[in-house]
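Everything below concerns the one structure shown next.
Only the coordinates and a few stated rules stand behind these numbers; no lab work does. From a predicted model like this one, the values you see are computed outputs, not experimental measurements. Heads up, the Cβs are rebuilt from the backbone with ideal geometry, glycines too, and the neighbour counts pull from every protein chain shown.
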Amino acid sequence: MANEFEKIFEKLCRQHDPNVIFNEFLDYSIDINLFTTVNQNLDFKGREEYYFEMFQEWIKITNEALNNNKNHSASNGWYDYLGIFYENTVQSKYKAGARGQFFTPHNVCQCMTELTMFQEKDYTNKLVNDCCCGSGRFLLAAHTLHPEAIMIAADLDEVACKMAVLNFYIHGVRGSVINQNSLTLESFKAWRVNNYFGPNGLPLPHIELINPNEAHTFFGVKIDEVKPVELNPVKKTGETIQTKLM
């Protein structure tokens, strides 16, 4: 049975392109949570009320999943509903995904992250990097293991980056998301999330739209020479480019 989020989305898709609707929802959700006032000249064509309802429903769905012991996907303290919905509905049902992503299952992300991050106990202000982040699942898993670390996400697909931004936002992850070609390092856009989170900072999650050059600078900490932990590395072997799953 469809939940309220899906019902609203289906209603909007009767007259509008599903990919446009989902992308506008992501833009709206980020825009209403920006810490600094930035005029992005976004035009939601009178659909703001629908997107606000979807935003509320997304929070409810995530909260219910995290508090439901029967939901295996959320059993490790994080839940990527946006990624699930994007795969199952936007891409599969409507065939509207731009690049045909297939995100790594929750339990595989958790297992791979635990295997990668067992070496060190203290990750305070250390970077954990995923240069092919998709909707940010590896970094959500990393955050549950080491919430004191700073998560750096990058992806070529802007829609995936926006999902990662909102996943950082709702899970209390401190970090940056960069819309970037990780092979050429060409950057297009960036967001910093929960930069001022903490006992002496803002009590609510927040998002900043930033210059990509600021992605490694955080309140009280500037990190540019620390070697990051690579959760999802991109490697070149001769003419062959090998990437792990998003």
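Across the range 202-211, computed HN-Hα scalar couplings (Karplus, 6.51 cos²θ - 1.76 cosθ + 1.60, θ = phi - 60°) run 6, x, 10, x, 7, 10, 10, 8, 10, 6 Hz from first to last residue, x flagging Gly and Pro.
A simple rule links phi to the HN-Hα coupling: the Karplus curve 6.51 cos²θ - 1.76 cosθ + 1.60 with θ = phi - 60°, which for the range 164-169 gives 5, 4, 5, 5, 4, 4 Hz, with x for Gly and Pro.
Based on alpha-carbon atoms only, what is the radius of gyration of the range 4-91 relative to the globular estimate 2.2 N^0.38 Å?
Taking the Cα Rg and dividing by 2.2 N^0.38 Å, one obtains 1.17.
Tell me which trypsin sites (Lys or Arg not before Pro) from the range 1-75 have a DSSP coil assignment and no more than 15 other beta carbons within 10 Å of their own. Loop-located and lightly packed - Arg14, Lys45, Lys70.
With both labels modelled 7 Å from their Cα along Cα-to-Cβ, the Thr217 to His72 distance reads 4.6 nm. The range 4-75 and the range 122-145 have their alpha-carbon centroids 23 Å apart. Computed extension gain for Glu148 through Lys189, at 0.36 nm per residue and net of the alpha carbon distance, reaches 12.3 nm.
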